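The structure appears below as structure tokens.
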Amino acid sequence: MYTKKPNVKQLSGLLILLCLCLGINQNIFAQEPVQIAATVAFNQYKGTVVNSSNKDPLVFASLTVNGTNISTITNSEGEFLLKIPKTLTSGKITVSFLGFETKVVNIEDLKEDGNKIALNTSVTELTEVNISVPKDAKSLVRKTLQNRGSNYVNDPTVMTAFYRETIKKRRTNVSLSEAVVNIYKQPYTYSRKDAVQLYKARKSTNYKKLDTVALKLQGGPFSTLYLDIMKYPEYVFTEDMLDYYTFSFGQTTSINNQPVYVVNFKQLETLNEPLYYGTLYINPDNFVLTSAIYHLNLENEKLASAAFVKKKPRNVTVTPTEASYRVDYRNKNGKWHYGYGNVQLEFKVNWKRKLFNSRYKLSCEMAVTDWQTNTENKYLKPKERLRPTVIIGDEASGFSDPSFWGEYNVIEPEKSIESAIKKIQRQLKRTNNS
């Protein structure tokens, strides 16, 4: 058993990188985007991925172009936008979602818009699972952590990823940021952290809707990159930290037509510090973590708030009401790598002598859309790197340009975000005409 309690500042480094900054009339950090012209001719395909039985949208379903590293993710309404070079029009796309049978679709069968891909629920029998897997859930997690060197990409890689973050005040969009970044991913056995380079970015914020408070999400793409548990176990649990949790098996499911063990975990009831609870999805054949969905325990409001809030006015109390995380991995040639990360945060903001509180929802997500081995082992120069404390800048523009993203694969915006973009475009037009 453990001999000392976990230190929230040490064990919750992820939270510090996701800290919330509130301050009146503060300047926003502006990162100058590197403009890169699109040089590859491509076709784009729009559509939705749904449950075949009830037609419900499948959120965060993965679409991958076979034989390539090109991929994307469906949004919160099951919608996707996939850009494919014209040289690959005769290829195939693999569509997968946790607990559903994988489907392979011919690219030539897709239309430019209105595609609907229906997936069937997967029924997995326990007898299909490898009987050599440890029957103790904690031992299975420990073995999974130990095997990261053999299961995950062990060569330096350069990944192209699309990042989006939004801030809502209740149901109103008040801030929207998007960026395409290069991730210089280090091998999973290396202690060296990944580096991020900004390709292109745009952002718009309506500070009138923020009650004169500049609410900012610090960390940018790192907020989702550090969800990679197998690369950064110290932000959730290392092997030593396993003793702070209890583990149990859930009902077996499948990913990409392969059975996976479902492992539920939560912190010990004797611990007061806010740790995590959630579910791990582990492939029993090679002890691979294929996906994880988890949350921060917010019962201790004081400690949870201290972990998130970096700066605020004295007469304001900020209380986190939700902190949810998701990470998905993808397999290429027998090796797994980080593919998608998602963060959902909700806060209640109370002002002294103010009758009603304000509620804010912050979300950020990043999907790897392409990658290649860094054969020359190139490194970013310090001036080319984003800082882990970056705040995506207000000065980045582009919402008035429909071809802003060019060939880059992005996560299809939800209708609410599309509505926000249209409002931003109208605001820009009025400003330019005034």
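Brief remarks on what is shown
- Extension gain for E234 to S324 (0.36 nm times residue separation, less C-alpha to C-alpha distance): 30.7 nm.
- Rounded to whole Hz, the Karplus (6.51, -1.76, 1.60) HN-Hα couplings of the range 337-350, x for glycine and proline: 8, 4, x, 7, x, 9, 10, 10, 10, 10, 9, 10, 10, 10
- The 3J(HN,Hα) values that the Karplus relation (6.51, -1.76, 1.60; θ = phi - 60°) gives for the range 380-387 are, in residue order, 6, 6, x, 6, 8, 8, 6, 7 Hz. Gly and Pro appear as x.
- Taking 20 Å as the cut-off, the amide N atoms of the range 77-106 that come nearer than this to a point 7 Å along the Cα-to-beta-carbon line of A118 belong to 77-80, 93-106.
- Under 5 Å from the amide H of N297 lie the amide H atoms of L275, Y276, Y277, each residue being 5 or more positions distant or on a separate chain, with H modelled from the backbone and absent for Pro and chain starts.
- Dipole axis of the range 289-392 (+1 Lys, Arg; -1 Asp, Glu on Cβ), positive-most option in T369, N333, F347: F347
- Each Cα pair under 8 Å and six or more residues apart adds its separation to the average, and for the range 219-324 the resulting relative contact order is 16 percent.
- Magnitude of the charge dipole, the range 297-339, Cβ model with Lys/Arg +1 and Asp/Glu -1, debye to 20: 320 debye
- 13 Å cut-off, amide nitrogen to a point 7 angstrom out along D155 Cα→Cβ, residues in the range 174-204: 187
- The range 294-390: relative contact order in percent, alpha carbon pairs under 8 Å with at least 6 residues between: 20 percent
- Amide proton proximity set for K231, modelled H, under 5 Å, gap of 5+: none
- Pairwise FRET efficiency - N350 versus L303, Cβ, R0 = 22 Å, nearest 0.05: 0.80
- Gyration tensor verdict on the range 192-341 (Cα atoms; rounded if a/c is under 1.5, prolate if a/b is larger than b/c, oblate otherwise): oblate
- Nearest-0.05 FRET efficiency for R387 and N43, computed from C-beta distance (R0 41 Å): 0.65
- Legend: calculated FRET efficiency, N264 to S403, from the Cβ-Cβ distance at R0 = 60 Å, rounded to 0.05, equals 0.85.
- Listed by chain and number, the aspartates and glutamates whose alpha-carbon sits under 18 Å from that of K138, ignoring those within fewer than 8 places in the same chain, are E234, E239, D240, D243, E269, D285.
- Placing dummy labels 7 Å off each Cα toward the beta-carbon, the span from N272 to R171 is 4.1 nm.
- Amide H contacts of S122 (H built 1.01 Å from N, in plane; Pro and chain starts excluded): F100, E101 sit under 5 Å, all sequence-distant by 5 or more or on other chains.
Read-outs throughout are calculated quantities, based only on the coordinates presented, and are distinct from any laboratory measurement. All of these numbers come straight from a predicted model, not from anything done at the bench. Methodologically, a virtual Cβ is constructed for each residue, glycine included, from the backbone with ideal geometry; neighbour enumeration extends over all protein chains shown.
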